[in-house]
1. Considering only protein heavy atoms and a 1.4 Å probe, what is the carbon-and-sulfur percentage of the accessible area of the stretch 33-89?
2. Excluding ligands, DNA and RNA, what is the solvent-accessible area per residue of the stretch 33-84 at a probe of 1.4 Å, expressed in Å²?
3. Counting alpha carbon pairs within less than 8 Å and at least 6 residues apart, what relative contact order, in whole percent, applies to the stretch 9-104?
Amino acid sequence: MTEAPGNEHDLPALQRRLEAFAAARDWQPYHTPKNLAAALSVEASELLEIFQWLTPEQSARVMEEPDGAHRVADEVADVLAYLLQFCEVLGIDAGAALAAKIDRNERRFPLPGASGGPGAAAGDSAGGAGGGARSESPDAPRSGGSPGCSPEESKG
């Protein structure tokens, strides 16, 4: 499949290529949500394995060494491929889902001093007592969750 110059890396074009690749090999019966979610988890674990015993400083420099950079890029590609296929099978627009998630997180975690954010007056609607806003920082270390969300949020 040939795309117009500059479009070969957009998500819909990549999804079409992945779909055509799987269809040409009759792999669709195996591309169930369960199988794709499991494969996604395995590939994410393979990405994690690269960093498992590195110090924070070593992990920040992993892309400086060609072999390490190649391994990371390969695993990122595997994770993205399975995520895009998972979204395709379930009819999820990955870009729209991410945009909606960012919107929700911007409301849940307003900037410090903004209405409802840390440092805002106690009576502000989103951040006052009983307002439902959480006090933890979205940048705080955590063990799980998705980008910009807490482990509790990733469960729902």
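1. Details: 2260 of 3730 Å².
Carbon and sulfur together cover 61 percent of it.
2. Numbers: 3500 Å² over 52 residues.
In whole numbers, the stretch 33-84 has 67 Å² accessible per residue.
3. Details: 48 pairs, mean separation 39.2, N = 96.
Across the stretch 9-104, relative contact order equals 41 percent.
The values are calculated or read from the model by the stated rules, or taken from the named source; none is laboratory data. Worth saying up front: this structure is predicted, and the values here are computed from it rather than measured. Accessible surface is based on the protein model in full, side chains and every heavy atom, while ligands, DNA and RNA are left aside. Shrake-Rupley method; radii C 1.70, N 1.55, O 1.52, S 1.80 Å.
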